[in-house]
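Student: I have a structure here, written as structure tokens, and I will follow up with some questions on it.
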Amino acid sequence: MGWQGRDIISIRDLSKGDVLDVLSAAKKMESAPPAAASRLAAGKVMASLFFEPSTRTRLSFETAMNHLGGRIIGGAGSEITGTMEKKLESFSDVIRMASGYADVIVVRHPLEGSARLAAEVADVPVINAGDGSNQHPTQTLIDLYTMQKRLGKLENLKIAIVGDLKYGRTVHSLAYALAMFKGVRMTLVSPPELKMPTGLVEEIEKKFKADFKENTSLEAALKSNDVVYMTRIQRERFPDPQEYERLRGAYSISRRLLEETKSRAVIMHPLPRVDEITRDVDATKNAAYFEQAKNGVPVRMALLSLVLGLGVAR
Amino acid sequence: MKRVKRAKTKRTKAKAARTRGVVAARAGAGGKSAAGASGAESKEMVVTKIRDGTVIDHIPFGRSLKILKILGVSEKNPAKIALMIGVESRHLGKKDLLKIEGVELDDRTLGKIAVVAPTATINIIKDYKVARKTKATIPEELSSVMRCLNPVCITNREHIGTRFIVEAKNPLRVRCHYCERVFEEDVIPEAL
């Protein structure tokens with residue numbers, strides 16, 4: 001499938017070949033001199049429509065478009081939703097309108113399936129920057145890019161995915177994408193209340209013959225994996241605040257724990273963190289989460305460039 | 001509305017036992033009974049033949065009421081329908097059966113029926129004869145057949161039709177095209 005004009009909505013829409021295309025383009029974007037990319041998107045406009053708050057995703061998409069020499073319209077939170085609510089305008093109508101102004105739309109919305117609907121009503125490519133608890137495909141591509149950069153490969157990796165595996169959209173997409181790569185062994189580490197949905201595990205096992213294990217020990221995960229992928233226990237996904245308070249500190253990595261377990265694992269996290277990684281871990285060689293956030297820029301430059309048919313910086 | 005006569009022979013007694021069930025019938029405007037006895041000697045519960053319309057047979061026991069809901073039958077919207085619940089069946093143990101006078105169901109309605117009654121057979125009746133007999137078939141995709149049970153799915157907020165990809169037919173499992181949530185057979189009737 002060609003890239004120009006394509007929507008990026010769900011990791012389910014991407015093949016292993018597609019994933020490798022993006023990672024390869026991101027590597028070129030990152031290694032090329034800044035001037036090489038700076039006019040690729042000249043004359044192009046990106047609509048940045050964030051119907052709910054975002055820091056990293058929005059900033060890195062907008063930085064990516066700036067690096068490509070394109071322009072940005074849009075806004076975040078009440079800048080968009082306020083007018084919509086006041087005028088009772090539908091989401092579909094806002095997207096249709098933006099599609100008339102921009103060459104590409106980046107959308108985040110709290111309702112699941114919103115990005116798929118946006119892609120159906122827009123005449124220009126739509127990139128999903130998160131639709132509720134459902135999908136966040138560009139985060140997954142950034143995660144894979146970071147692993148590839150750190151470890152030099154994606155095949156035969158041992159990866160522990162830790163924390164809120166029930167509500168976290170990031171880990172659902174990540175597990176799906178990792179399973180595409182040969183020999184990847186995943187260990188799911190979570191409290192029983194926050195286990196990865198059985199249906200998803202079964203789907204991935206069936207589709208990719210993936211190798212999953214379940215564990216509740218963070219110590220064991222730190223000792224035996226190449227990557228430990230931490231996630232935040234998200235307050236906004238919990239109907240019961242008491243349950244949230246009880247589980248938030250259940251899994252936390254500190255420098256002391258890294259030393260005790262002699263862990264050489266790469267520690268990743270989609271951010272923001274609360275207390276699942278203590279600040280003293282930041283200066284260790286294991287910490288890769290700020291690098292991961294930084295990798296959002298070349299990966300999103302690559303995606304914008306591919307769907308806009310701009311070519312790659314050299 | 002219904003008449004069940006006593007049979008004289010052991011054979012008819014046995015047959016009567018197999019077909020015993022609840023008979024309910026709605027009479028449309030000007031309609032007489034939809035169920036009746038075919039003869040004084042029969043112990044069978046007999047529902048009169050329909051001239052033109054649809055007979056849905058082999059409905060899993062108890063699902064016919066869901067089908068009535070799909071058909072939109074109510075006191076405000078009466079149709080001439082004969083409904084049998086809990087009829088004994090060799091294949092299903094117990095089954096339901098529906099006869100609908102004067103109505104030929106469209107493909108979308110038949111798709112909905114297949115979702116709640118995957119074992120059903122559909123007989124199109126023309127001039128008292130079976131003109132066409134088909135098995136209920138669940139399509140590969142269900143378009144606007146059911147609502148999404150995920151309360152935060154965009155389809156429950158925007159005025160758009162729903163789409164579900166059928167991932168498995170037996171037992172039925174569908175995935176919402178929009179929110180990607182999966183629903184299993186046991187909860188799907190709630191969404192119709």
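The values are calculated or read from the model by the stated rules, or taken from the named source; none is laboratory data. These numbers come from a predicted model, not from an experiment. Every residue, glycine as well, gets a Cβ built from its backbone with ideal geometry; the counts of neighbours run over all protein chains shown.
Student: Sort out which residues of segment A:120-140 are part of a helix (DSSP H, G or I) and either of a type outside the set (S, T, N, Q) or within 13 Å of chain B (Cβ to nearest Cβ) (or both), and write them in order of number.
Tutor: Within segment A:120-140, A:E120, A:V121, A:P137 meet the criteria.
Student: So, one more: Taking B:L110 as the residue in question, decide whether it is touching a helix residue (DSSP H, G or I) at 6+ places or on another chain (Cβ under 8 Å), surrounded by 15 or more Cβ atoms within 10 Å (Cβ to Cβ) and not charged (D, E, K, R).
Tutor: no
Student: Shifting gears a bit: For the list (1) at the interface with chain A (Cβ under 7 Å from one of its Cβ atoms); (2) surrounded by fewer than 21 Cβ atoms within 10 Å (Cβ to Cβ), I need the number of the one condition that B:Y178 fails.
Tutor: Tallying (1) at the interface with chain A (Cβ under 7 Å from one of its Cβ atoms); (2) surrounded by fewer than 21 Cβ atoms within 10 Å (Cβ to Cβ), B:Y178 fails exactly one: (2).
Student: Looking at B:K99, B:K112, which is the one that is in a helix (DSSP H, G or I) and either in contact with a Leu (Cβ under 7 Å, 6 or more places away or on another chain) or more than 22 Å from A:E112 (Cβ to Cβ) (or both)?
Tutor: B:K112
Student: Looking only at segment A:257-292, which residues are on the phi > 0 side of the Ramachandran plot and of a type in the set (A, V, I, L, M)?
Tutor: Scanning segment A:257-292 gives a single hit, A:L271.
Student: Here's a follow-up. Can we say A:L117 is free of Cβ contacts under 8 Å to residues at least 40 places away in the same chain, within 14 Å of chain B (Cβ to nearest Cβ), surrounded by fewer than 19 Cβ atoms within 10 Å (Cβ to Cβ) and hydrophobic (A, V, I, L, M, F, W, C)?
Tutor: no
Student: Mind listing whichever residues of segment B:143-153 are away from every other protein chain (no Cβ under 14 Å) and either under 21 Å from A:V121 (Cα atoms) or in contact with a Gly (Cβ under 7 Å, 6 or more places away or on another chain) (or both)?
Tutor: B:S144, B:V145
Student: What number of residues in segment A:68-89 are loosely packed, with under 15 Cβ neighbours inside 10 Å and part of a helix (DSSP H, G or I)?
Tutor: Residues in segment A:68-89 being loosely packed, with under 15 Cβ neighbours inside 10 Å and part of a helix (DSSP H, G or I): 7 in total.
Student: Which residue out of A:K213, A:K207 is surrounded by fewer than 16 Cβ atoms within 10 Å (Cβ to Cβ) and either within 17 Å of the chain's Cα centre (by Cα) or within 14 Å of chain B (Cβ to nearest Cβ) (or both)?
Tutor: Exactly one residue qualifies, and that residue is A:K207.
Student: Moving on to the next point. What pairs come out if I take residues in segment A:90-101 that are part of a helix (DSSP H, G or I) and pair them with residues that are among the basic types (K, R) whose C-beta lies under 8 Å away, six or more apart or interchain?
Tutor: The qualifying pairs are A:F91/B:R157.
Student: Residue check, A:E245 against (1) surrounded by fewer than 21 Cβ atoms within 10 Å (Cβ to Cβ); (2) over 19 Å from A:V189 (Cα atoms), all met but one. Which one?
Tutor: (2)
Student: Taking the condition of being surrounded by fewer than 14 Cβ atoms within 10 Å (Cβ to Cβ) and within 13 Å of A:T284 (Cβ to Cβ), how many residues in segment A:249-259 meet it? Please lay out each step first, then the result.
Tutor: Residues of segment A:249-259 that are surrounded by fewer than 14 Cβ atoms within 10 Å (Cβ to Cβ), as a first pass: A:249, A:256, A:259.
Checking which are within 13 Å of A:T284 (Cβ to Cβ) leaves us with A:256, A:259.
Of the residues in segment A:249-259, 2 are surrounded by fewer than 14 Cβ atoms within 10 Å (Cβ to Cβ) and within 13 Å of A:T284 (Cβ to Cβ).
Student: Has segment A:99-111 got at least one residue that is within 14 Å of chain B (Cβ to nearest Cβ), modelled with pLDDT of 95 or more and within 27 Å of A:A37 (Cβ to Cβ)?
Tutor: Within segment A:99-111, one or more residues are within 14 Å of chain B (Cβ to nearest Cβ), modelled with pLDDT of 95 or more and within 27 Å of A:A37 (Cβ to Cβ).
Student: Additional query: A:Y176 fails exactly one of the following numbered conditions: (1) within 18 Å of A:M196 (Cα to Cα); (2) of a type outside the set (G, A, S); (3) within 12 Å of another protein chain (Cβ to nearest Cβ); (4) crowded, with 24+ Cβ neighbours inside 10 Å. What is the number of that condition?
Tutor: (4)
Student: Condition first: polar (S, T, N, Q) and either surrounded by 13 or more Cβ atoms within 10 Å (Cβ to Cβ) or facing chain A (nearest Cβ under 9 Å) (or both). Now tell me which residues in segment B:154-171 satisfy that.
Tutor: Residues satisfying the conditions are B:T155, B:N156, B:T162.
Student: What about A:V171, is it under 17 Å from the mean Cα position of the chain (by Cα), buried (at least 18 other Cβ atoms within 10 Å of the Cβ) and within 14 Å of chain B (Cβ to nearest Cβ)?
Tutor: So A:V171 does not fit the description; no.
Student: Can you find a residue in segment A:104-113 that is under 16 Å from the mean Cα position of the chain (by Cα) and either in a helix (DSSP H, G or I) or among the hydrophobic types (A, V, I, L, M, F, W, C) (or both)?
Tutor: Among the residues of segment A:104-113, at least one is under 16 Å from the mean Cα position of the chain (by Cα) and either in a helix (DSSP H, G or I) or among the hydrophobic types (A, V, I, L, M, F, W, C) (or both), which makes the answer yes.
Student: Can you name the number of the only condition in (1) out of contact with any strand residue (DSSP E or B) (no Cβ under 6 Å at 6 or more places or on another chain); (2) more than 14 Å from every other protein chain (Cβ to nearest Cβ); (3) surrounded by fewer than 20 Cβ atoms within 10 Å (Cβ to Cβ); (4) farther than 21 Å from B:L97 by Cα that B:E140 fails?
Tutor: For B:E140, the exception is condition (1).
Student: How do the helices (runs of 4 or more DSSP H) wholly within segment A:196-281 filter down when requiring 2 or more residues that are in contact (Cβ under 8 Å) with a residue 60 or more places away in the chain: which remain? Explain how you work it out, then say what you get.
Tutor: Numbers: elements: A:198-208, A:218-224, A:241-247, A:255-260.
Filter on segment A:196-281 gives A:218-224.
Student: Return only the number of the condition from (1) within 14 Å of chain B (Cβ to nearest Cβ); (2) modelled with pLDDT of 85 or more that A:T57 does not satisfy.
Tutor: (1)
Student: Determine whether B:K99 is buried (at least 21 other Cβ atoms within 10 Å of the Cβ), within 16 Å of the chain's Cα centre (by Cα) and among the charged types (D, E, K, R).
Tutor: Answer is yes for this residue.
Student: Next up: Inspect all residues belonging to segment A:141-160 and state whether any of them is within 14 Å of another protein chain (Cβ to nearest Cβ), under 28 Å from A:L59 (Cβ atoms) and not polar (S, T, N, Q).
Tutor: No, there is no match, as no residue in segment A:141-160 is within 14 Å of another protein chain (Cβ to nearest Cβ), under 28 Å from A:L59 (Cβ atoms) and not polar (S, T, N, Q).
Student: Which residue, of A:M29, A:M65, A:M46, is assigned to a helix (DSSP H, G or I) and closer than 18 Å to A:R108 by Cβ?
Tutor: Residue meeting the stated conditions: A:M65.
Student: Tell me the residue from B:K129, B:K135, B:K112 that is away from chain A (no Cβ under 14 Å), farther than 21 Å from B:L65 by Cα and either free of Cβ contacts under 8 Å to residues at least 40 places away in the same chain or not small (G, A, S) (or both), please.
Tutor: So the residue among B:K129, B:K135, B:K112 that is away from chain A (no Cβ under 14 Å), farther than 21 Å from B:L65 by Cα and either free of Cβ contacts under 8 Å to residues at least 40 places away in the same chain or not small (G, A, S) (or both) is B:K129.
Student: While we're on this one: Go through segment A:49-62 and report how many residues are in a loop (DSSP other than H, G, I, E, B) and surrounded by fewer than 21 Cβ atoms within 10 Å (Cβ to Cβ).
Tutor: 4
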